[in-house]
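The values are calculated or read from the model by the stated rules, or taken from the named source; none is laboratory data. It should be emphasised that the depicted structure is a prediction, and the values quoted were computed from it without experimental measurement. Virtual Cβ from ideal backbone geometry, glycine too; neighbours counted across all protein chains shown. The protein model used for the area step is the full one, side chains on, heavy atoms only, and it has no ligands, DNA or RNA in it. Shrake-Rupley method; radii C 1.70, N 1.55, O 1.52, S 1.80 Å.
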Amino acid sequence: MNSPSQETFSAEVAQWSDIPGWFHWRAGQEEAVTVFGDGSVFVEVGSYLGRSLCSLADVVRTSGRDYTIVSVDTCRGSGAEGLSNEDAHGHAVEYGGGTFAGLLHRNVIACGFADVVDVLISSSPRAAGFFADESVAWVHLDARHDYDSVVDDIRAWAPKVRPGGWLSGDDYDSLIWPGVVAAVGDELPDAHGWLSGQWRWLKP
Ligand SMILES: C[S@@+](CC[C@H](N)C(=O)[O-])C[C@H]1O[C@@H](n2cnc3c(N)ncnc32)[C@H](O)[C@@H]1O
């Protein structure tokens, strides 16, 4: 996504594809609804303005399944990171006066998922503490991408995934996000590449 203007954030939203963001694992969402039964809990860590989150809710609604969908985000952005040390979420944080929580929730409501999605404004490891061990079917990580953050996320969420569940994440790219690949390799040697630029660990 290029550097956004104020209009990027004020523009009306009607569906997930109208929402700015970074998302390319819809095929994984479509796979998840064929694997997990009703009553399952899905957690997305790192939702930004809701692009991937509202796609997930859309896939779930279309499937007719009955899941709990929880979004976890500080709503304060990841700060500067990556090869270019870019603060990719900074404009949205500034637009919202220090938080994009209002934009995220507005987008969830505008897409028709206000009663389908629960937004938890919290840091990733802290939010994991609200879930019982082995209670979540699928956790998808897309928060900060440096080595230490991904290690923290994996250590916080892996115990929360139920046997047979998935722990997965975005930006599995050794050139652009080497910290993600290194952290996954160190913490979850059984994880593997998945879809385009994703990784996934199937909990035994
Ligand atoms: C790459 S963006 C997520 C993109 C999103 N999945 C989409 O579809 O556009 C990363 C998000 O992670 C959030 N984040 C960064 N560190 C976090 C942490 N420790 N806990 C929770 N959220 C965090 C940021 O606020 C940001 O919204």
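Figures for the structure shown
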read-out: Count of region 172-190 residues which are without any contact (Cβ under 8 Å) to a residue 24 or more places away in the chain and either touching a Pro at 6+ places or on another chain (Cβ under 9 Å) or of a type in the set (A, V, I, L, M, F, W, C) (or both); value: 3
read-out: Matching residues, region 83-109, being away from the ligand (no atom under 12 Å from the Cβ), charged (D, E, K, R) and more than 15 Å from Ile121 (Cα to Cα); value: Glu94
read-out: Single unsatisfied condition, Gly50 versus (1) surrounded by fewer than 17 Cβ atoms within 10 Å (Cβ to Cβ); (2) within 12 Å of the chain's Cα centre (by Cα); value: (1)
read-out: Scan of region 26-49 for residues that are within 9 Å of the ligand (Cβ to nearest atom) and not aliphatic (A, V, I, L, M), ordered by number; value: Glu44, Gly46, Ser47, Tyr48
read-out: Residue list for region 16-39, restricted to those being polar (S, T, N, Q) and farther than 27 Å from His145 by Cα; value: Thr34
read-out: Residue in region 58-72 that is acidic (Asp, Glu), within 16 Å of Phe23 (Cβ to Cβ), crowded, with 19+ Cβ neighbours inside 10 Å and touching a Leu at 6+ places or on another chain (Cβ under 8 Å) present; value: no
read-out: Members of region 55-67 that are in contact (Cβ under 8 Å) with a residue 12 or more places away in the chain, over 12 Å from Val117 (Cα atoms) and in a loop (DSSP other than H, G, I, E, B); value: Arg65
read-out: Helices (runs of 4 or more DSSP H) enclosed by region 106-204 - at least 3 residues per element that are open to solvent by 20 Å² or more (accessible area, probe 1.4 Å); value: 147-157, 178-187
read-out: Residue identified as in contact with a Gly (Cβ under 9 Å, 6 or more places away or on another chain) and either more than 12 Å from the ligand (Cβ to nearest atom) or of a type in the set (A, V, I, L, M) (or both) among Ala132, Ala143; value: Ala143
read-out: Filter pass, Ser52 being in contact with an Asp or Glu (Cβ under 9 Å, 6 or more places away or on another chain), near the ligand (Cβ under 8 Å from one of its atoms) and in contact (Cβ under 8 Å) with a residue 12 or more places away in the chain; value: yes
read-out: Cross-chain or 6+ apart pairs with Cβ under 6 Å, region 131-154 first and on the phi > 0 side of the Ramachandran plot, then of a type in the set (Phe, Trp, Tyr) and within 10 Å of the ligand (Cβ to nearest atom); value: none
read-out: Test result for Ser17, more than 15 Å from the ligand (Cβ to nearest atom) and either out of contact with any strand residue (DSSP E or B) (no Cβ under 6 Å at 6 or more places or on another chain) or at pLDDT below 95 (or both); value: no
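Yes/no per residue for (1) more than 19 Å from Val35 (Cβ to Cβ); (2) at pLDDT 95 or above; (3) β-branched (Val, Ile, Thr):
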site	(1), (2), (3)
Phe130	yes, yes, no
Val136	no, yes, yes
Val139	no, yes, yes
Val151	yes, yes, yes
Arg155	yes, yes, no
Val161	no, yes, yes
Gly165	no, yes, no
Ile176	yes, yes, yes
Ala191	no, yes, no
